[in-house]
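Taking it in order: structure first as C-alpha cells, then the write-up.
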Amino acid sequence: GTFKQFALGRPNLGVATPGYTLCWAANPSVQQDYSMAVGDFSVIGANYEDTQCTFGVPCVINATGYQLANTNRIIVVSTNDCGAGNSQIATVTNMLVNIGVNDEPDYNVYELQTPLAGQPRTDYKLCWAHNPGTNGGKTKYRTPMGLLQLNGPVQVSQHCVMGTDCVFELAGVGLKSSNQVLIIDSGSSCGDANPTVAFFDGLDNPASPNETLPHLYELGIVRTTSGGPGSSYTVCWASDPVNYEDWKITLGTFSVDGPERENIVYCTMGLACTISLDGLNLAATNKIMITDINDVCGQPTLNLPSIVGLSNPTSPEGNKKDYKLGTGTYGLPGDYKVCWSFEGSAHGDYHVPVATLRLGGPVPRDYSCILSEPCRPVVEGVRLAHTSQLLFISYLDNCGDASANVITWADINNPAGSALLAPPANPGYLYSDGDTYDGGLGTAGVPGHNYKVCWGFDPNFVTRNFKVYVGKFTMNGPLTGVASFCVLGKACVIEVTGTGLHGTNQVQVATGSGACGSEDISPAVFQGLNNPQLVTDDEADNQFIMGAALTGGSYAICRVASPAASCIGTHYRLCWAHGEYLLPGGGANLVVELGTFAIAGPFGTYSVDCTMGMVCAFRLYGSALARTNRVLIIEASSNCGEASPIVASFAGLLNPALVSEVAADKSYITARLGRSHGGRVDTYKLCWGYSPAVLSDYNVEVGPFKFTA
C-alpha cells in the first residue's frame, strides 16, 4: 500500500509515558472525526519536575519519565530557555552542570556533586536530552526537566566590631533554622576535618540563626579574640552540620574591628599616664574605663577605683590610639583592668578587656616618726624605684606645689631616699613592691600632727615633683624651749608637753660645751637627784620626778667660770630621749635638747665662823638664792632635814634666821643672826631651806658652823 508520513514536531514538554492512542481520520473537521484507532502511541523521555539542592550537600536529581536510557544527559542553565542558543550554563563551583545519567537501570539518577560556591537561586533550569553526546551543544537540550532551586546563603564576607552586638544578616534561598555558621582561623579551610576554630570570648561559635528568622545570626558580643582584630578569620556555613567537615561553604572573611590586647601596661603615680592601644579601624568614639581587676568588663556596674588626678573613662587623642589619663596623685596602686568600648556611655557598654594596668606608687597611709629615734618609714607599694623619695611638708600646702613649705627637723633627711635599694649596674631603675626610706634621726624641731608626707618616683630633690599625697605625717616628741628650775632640798619635777609622749621617755640633766648626746657633755651628779630619769608612766607621760638634790657642790669647784657637773647653777641643759632606740652601750639616745635646767641653792662644804660677843653675820654663795631662804644651826649629832633636830642655842642669836640681803644676781645671800653673849663653843651644822615652814624643810647641809669665844 501507500505509506503516508505525519510530522508531529518535536515533543519538549509533557508527560513521557506509554498508553496514548493514535487515531486517524480521512478528512477530519472536528475531533469526533478521528474515529479509527491506528494503534498505540508512546512518548519517551524525562518528565518535568522541580527539585532542590543545597550548598554543601551532595546534589542528586532523580528524574521520572519513560524508557530513559544511558545516553540521556542534562545541563543546568541560568538564563533563557532550554535549547536556546543564547542560554547560559550555570556557574556553580564544584557542581556539575553538564552530566550524563548514572549508568544503572532505570537511568534516572544524576549526581551533580556538592555545590560549594555560587549564586543561590530558585530558577536554575534543568534541560534534558535523549542522546546529545558528550560534546553536544546547548541547543540539543530542548526538554525542560524542571526548575532547580539551589538553597544556601549568598557568599559575602562578614564584619563585626568588638564590644558591640555581632550580627550576621545573610541573603539567600531556602535558609532554615538548622543552618549554622562557623568561624575559623584563616590558616584552616572550610570543610577541614579538624580546622582551627577561632575563639572569641562572648561570641557563639558555631552559631545557629534566630529560630523564626533563619537569615539572622545574633552571635553575641566580641570581647576577646584568638588572633586579635583584623581579617585573619574565615566564616563557614553549613545547612545541617554534624561534624566540622559539613561546614564546606566559605561565606568569606570574617573581620573584627577593635583594639589589640595588651598584657600589662604600666603607669606610675605622680607621672603622666598614657595608655596606647593598637588595633583596626579604631574610632574617635572609643573610650576606655579603668576598673577593679576582679570585675568582668561589661558587667552592669563596674567598681571604678578612686584615683585622684586620673580621668575615668577616657577618650583617645586624635590618633585614636593614645589615651591620656592624666597624673594620679592619690589612690591605691596595683593591678586594674582596662575595659574598652566602641561607643560607650554606661558601664555595661565597656565589654572588651584590653589590658591590665599596673599602677605604681605608694599605698596611702599615715606615717609618724619620733625625735631621737631612727626615722625609717616602711612604705608598701607597687614598683617603687631606687630613685623614689618621701617629702614632709606643712598640712596647709599641697603635694606638688613648687612653693610648698618643706619642714625642717634637725638631722631629719627631707626628702628621704631609699634605705634599701641601690642603683642598678645599667641605666634604668631598680623596682620594688615596697621600700624603707631613710629619714635620718631627728634631734630637734617642732613635733605635731600638722604635716603631710608626699612621694615622688624620681623627684631629684625638686619639690614640685613630689606630686603624690601619701597621708598625714606626725612627728612625735617634746616641744623644746623648756626652762626647768629646781631647788636643793625640794622635790624636782620636770614637766614637758609634746606629741606622742610615751612611757619609755627619759630625760637627763647635763652640762658641757657639746650638744645633747655628744661626748662633750656630762650628766649632772647630785645626791638625791635621779639622772637620767624615766617618765612617770601614766596617761599623759609628761612628768619626770627627779627626786630631791641635797648638795650643791663645793664653793671651791663651783664658784668658777666652768662649774663642775655636781654644782648648783644655770649651766645645765635638759636632754630627752624617746627611749626605745638604745645606743650600742645600752643607754637611751638622749639627743633632743629640751631646753635649760637650773638648780637653786647654796654651795656645799662651806664653813661659817661666828665669835661670841660679836655680831654674827655671814654670806652664803650659790645660785638663784631668794629672800625666802632661811638658815638653821643644829647640833653636829643631828642631821639637816630631820623632823626634830637638836637646834643649837646661842644667847642673842636668831636661830633659825631670816635672810637680810640678796644679791642682785642672786648669787649670794646675807644672814644676820645678831650678837651672841652666850652659847657653847663648838662646831655645829649649818642647814638651809629655800622657803622653809617646818624644821624638816631645812634639809640642805651647807657645811660646818664654828662658834668660837
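For the list (1) in contact with a Phe, Trp or Tyr (Cβ under 9 Å, 6 or more places away or on another chain); (2) open to solvent by 20 Å² or more (accessible area, probe 1.4 Å); (3) modelled with pLDDT of 95 or more; (4) not in a loop (DSSP other than H, G, I, E, B), I need the number of the one condition that ILE545 fails.
Going through the list (1) in contact with a Phe, Trp or Tyr (Cβ under 9 Å, 6 or more places away or on another chain); (2) open to solvent by 20 Å² or more (accessible area, probe 1.4 Å); (3) modelled with pLDDT of 95 or more; (4) not in a loop (DSSP other than H, G, I, E, B), ILE545 breaks only (1).
Among the residues of the stretch 606-622, is any closer than 23 Å to GLU495 by Cβ and touching a Gly at 6+ places or on another chain (Cβ under 8 Å)?
No, the conditions are met nowhere in the stretch 606-622.
Being touching a residue at least 24 places away in the same chain (Cβ under 8 Å), more than 19 Å from LEU550 (Cβ to Cβ) and surrounded by fewer than 16 Cβ atoms within 10 Å (Cβ to Cβ) is the filter here; which residues of the stretch 636-654 pass it?
First, pick out the residues of the stretch 636-654 that are touching a residue at least 24 places away in the same chain (Cβ under 8 Å): 636, 638-645, 647-653.
Filter again for more than 19 Å from LEU550 (Cβ to Cβ), leaving 647-653.
Hits for the stretch 636-654 are SER649, ALA651, GLY652.
Only one of (1) open to solvent by less than 40 Å² (accessible area, probe 1.4 Å); (2) touching a Cys at 6+ places or on another chain (Cβ under 7 Å) is not met by TYR469, so which one is it?
That leaves (1) as the condition not met.
From ASN47, ASN80, ASN70, grab the single residue that is within 15 Å of TYR141 (Cα to Cα) and in contact (Cβ under 8 Å) with a residue 24 or more places away in the chain.
So the residue among ASN47, ASN80, ASN70 that is within 15 Å of TYR141 (Cα to Cα) and in contact (Cβ under 8 Å) with a residue 24 or more places away in the chain is ASN47.
Is it the case that PRO132 is open to solvent by 20 Å² or more (accessible area, probe 1.4 Å) and not in a strand (DSSP E or B)?
no
If you scan the stretch 167-202, which residues turn out to be modelled with pLDDT under 95, in a strand (DSSP E or B) and of a type in the set (A, V, I, L, M, F, W, C)?
Listed by number, the list holds a single entry, PHE200.
ILE89 - would you say it is of a type outside the set (Phe, Trp, Tyr), surrounded by fewer than 16 Cβ atoms within 10 Å (Cβ to Cβ), touching a residue at least 24 places away in the same chain (Cβ under 8 Å) and on the phi < 0 side of the Ramachandran plot? Give the derivation first.
Working: of a type outside the set (Phe, Trp, Tyr): yes; surrounded by fewer than 16 Cβ atoms within 10 Å (Cβ to Cβ): yes; touching a residue at least 24 places away in the same chain (Cβ under 8 Å): yes; on the phi < 0 side of the Ramachandran plot: yes.
Spelling it out, ILE89 is indeed of a type outside the set (Phe, Trp, Tyr), surrounded by fewer than 16 Cβ atoms within 10 Å (Cβ to Cβ), touching a residue at least 24 places away in the same chain (Cβ under 8 Å) and on the phi < 0 side of the Ramachandran plot.
Name the residue that is farthest from PRO195 (Cα to Cα), counting only residues in the stretch 235-262 that are part of a loop (DSSP other than H, G, I, E, B) and of a type in the set (S, T, N, Q).
So, considering only residues that are part of a loop (DSSP other than H, G, I, E, B) and of a type in the set (S, T, N, Q), the one farthest from PRO195 (Cα to Cα) is SER239.
Hey, could you check the stretch 239-267 for residues that are of a type in the set (Ser, Thr, Tyr) and open to solvent by 20 Å² or more (accessible area, probe 1.4 Å) and say which is nearest to the chain's Cα centre (by Cα)?
TYR266
Filter the stretch 227-238 for residues that are open to solvent by 10 Å² or more (accessible area, probe 1.4 Å) and under 21 Å from SER208 (Cα atoms) and give the result.
Passing the criteria: only THR234.
Name the one entry in ALA540, ALA524, ALA564 that is under 15 Å from VAL507 (Cβ atoms), open to solvent by 20 Å² or more (accessible area, probe 1.4 Å) and small (Gly, Ala, Ser).
None of the other options fit; the residue is ALA540.
Search the stretch 580-633 for residues being of a type in the set (S, T, N, Q), over 60 Å from the mean Cα position of the chain (by Cα) and open to solvent by 10 Å² or more (accessible area, probe 1.4 Å), and hand back the single one that is farthest from GLY517 (Cα to Cα). So that I can check it myself, show each step before the final result.
Initially, the stretch 580-633 is screened for residues of a type in the set (S, T, N, Q), giving 589, 596, 605, 607, 611, 623, 628-629.
When the remaining residues are screened for being over 60 Å from the mean Cα position of the chain (by Cα), the result is 605, 607, 611, 623, 628-629.
Remaining after also requiring open to solvent by 10 Å² or more (accessible area, probe 1.4 Å): 605, 607, 611, 623, 628.
Working: THR605: 31, SER607: 37, THR611: 50, SER623: 26, THR628: 37 Å.
That would be THR611.
Please name all residue pairs, on different chains or six or more residues apart, with Cβ atoms under 6 Å, provided the first residue is in the stretch 679-705 and is over 15 Å from VAL608 (Cβ atoms) and the second residue is in a strand (DSSP E or B) and open to solvent by less than 10 Å² (accessible area, probe 1.4 Å).
ASP697/GLY689
Please state which of the following conditions LYS452 fails to meet, knowing it meets all the rest: (1) open to solvent by 20 Å² or more (accessible area, probe 1.4 Å); (2) more than 25 Å from the chain's Cα centre (by Cα).
(2)
Any residue at all in the stretch 261-269 that is over 30 Å from ASP401 (Cα atoms), touching a residue at least 60 places away in the same chain (Cβ under 8 Å) and aromatic (Phe, Trp, Tyr)?
no
Exactly one of these conditions fails for GLY477: (1) in contact with a His (Cβ under 8 Å, 6 or more places away or on another chain); (2) outside any strand (DSSP E or B). Give me its number.
(2)
Could you check the stretch 156-192 and list, in sequence order, the residues that are within 15 Å of ASP240 (Cβ to Cβ), surrounded by fewer than 18 Cβ atoms within 10 Å (Cβ to Cβ) and in contact (Cβ under 8 Å) with a residue 40 or more places away in the chain?
LYS176, SER178
Which is without any contact (Cβ under 8 Å) to a residue 40 or more places away in the chain, in contact with a strand residue (DSSP E or B) (Cβ under 9 Å, 6 or more places away or on another chain) and under 23 Å from VAL487 (Cα atoms), of ALA664, ALA671, ALA657?
The conditions single out ALA657.
Would you point out the residue of the stretch 297-312, among those that are touching a Leu at 6+ places or on another chain (Cβ under 9 Å) and at negative phi, that is most open to solvent (accessible area, probe 1.4 Å)?
The extreme case among them is SER306.
Tell me, which strands (runs of 3 or more DSSP E) lie completely within the stretch 1-88 with 1 or more residues that are basic (Lys, Arg)? Even if it seems obvious, please write down each step before you answer.
On the way: elements: 20-24, 36-41, 51-54, 60-62, 73-79.
Passing ranges, in order: 73-79.
Within the stretch 206-216, can one find any residue that is among the acidic types (Asp, Glu), open to solvent by 40 Å² or more (accessible area, probe 1.4 Å) and within 39 Å of the chain's Cα centre (by Cα)?
no
Got a number for residues in the stretch 684-704 being part of a loop (DSSP other than H, G, I, E, B) and open to solvent by 40 Å² or more (accessible area, probe 1.4 Å)?
4
Can you give me the number of residues within the stretch 490-514 that are within 46 Å of the chain's Cα centre (by Cα), closer than 21 Å to LEU582 by Cα and part of a loop (DSSP other than H, G, I, E, B)?
Summing the residues that are within 46 Å of the chain's Cα centre (by Cα), closer than 21 Å to LEU582 by Cα and part of a loop (DSSP other than H, G, I, E, B) in the stretch 490-514 gives 6.
Given the options GLY622, GLY595, GLY586, GLY601, name the one that is assigned to a strand (DSSP E or B) and more than 30 Å from GLY679 (Cα to Cα). Lay out the reasoning, then the answer.
Details: GLY622 fails: more than 30 Å from GLY679 (Cα to Cα); GLY586 fails: assigned to a strand (DSSP E or B); GLY601 fails: more than 30 Å from GLY679 (Cα to Cα).
The conditions single out GLY595.
The values are calculated or read from the model by the stated rules, or taken from the named source; none is laboratory data. Note that the structure is a prediction, hence the values are computed from the model and not measured. Ideal geometry is used to build each Cβ from the backbone, glycine not excepted, and the neighbour counts take in all protein chains shown. Note: areas computed on protein heavy atoms with side chains; ligands, DNA, RNA excluded. Shrake-Rupley method; radii C 1.70, N 1.55, O 1.52, S 1.80 Å.
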